[in-house]
Amino acid sequence: MSSVSTGSDAPIFHPEGPADQAPPDVLIVEDEPAILSSLEFILNHAGWRTRSVQDGEAALSAVNRWHPRMLVLDLMLPKRNGFDVLASLRARSDTRELPILILTAKGQQQDRRTAMELGASAFVTKPYANGDVLEAVASLLGSPVR
């Protein structure tokens, strides 16, 4: 069962060609390959450009490099956990307002409370319904589900 605070969907962002010049709508930070593939599929299918990374350090570098419109951020990540990534992004003036959807299996109330205190924009727990993620992304990007 999943719970949601907001959500949406996007097309795959390929590194080659002119599409590489446009920033991704959604940066997905997820270390589980099956979940990452699923998120890329549903978001790309809904029409959003995505990029993805699989650890916390790469997430911070990717935000600097690609300037996404929002993040879908797992909490349990290698190298730097999602709480640390969230706190780092909220401490910077250029990313303080970046919409961040926390997507994690850690659905305990304390994890949700900590994420919200650190500045998460929305929270969806795994396992999630695709519609919940799409709805949350659409809400955070200020656009309807496509």
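Compute the Cα gyration tensor for the range 18-141, then decide on rounded, prolate or oblate, letting a ≥ b ≥ c be the square roots of its eigenvalues: rounded whenever a/c is under 1.5, prolate when a/b is larger than b/c in the other cases, and oblate in all that remain.
Working: a/c = 1.43, a/b = 1.11, b/c = 1.29.
Note, shape of the range 18-141 comes out rounded.
Residue separation times 0.36 nm, minus the C-alpha to C-alpha distance between GLN110 and PHE41: what's the value? Walk me through the intermediate numbers first.
On the way: separation 69, 0.36 × 69 = 24.84 nm, distance 3.03 nm.
Value of the extension gain: 21.8 nm.
By its C-alpha gyration tensor, with a ≥ b ≥ c as the square roots of the eigenvalues, how is the range 93-146 shaped: rounded for a/c under 1.5, else prolate for a/b larger than b/c, else oblate?
Details: a/c = 3.01, a/b = 1.07, b/c = 2.81.
It comes out oblate by the Cα gyration axes.
Using a basic spin-label model with each label point 7 Å from the Cα along Cα→Cβ, how many nm lie between LYS79 and VAL145?
Taking the two extended label points, one gets 3.3 nm.
Suppose R0 equals 25 Å. What FRET efficiency, 1/(1 + (r/R0)^6) with r the Cβ-Cβ distance, do ARG65 and SER93 give to the nearest 0.05?
On the way: r = 18 Å, r/R0 = 0.72.
In this case the efficiency is close to 0.90.
Coordinate-derived values only; no laboratory data. Not measured: the values here are computed from a predicted model. Positions of Cβ are generated from backbone atoms using ideal geometry, with glycine treated the same way; all protein chains shown enter the neighbour counts.
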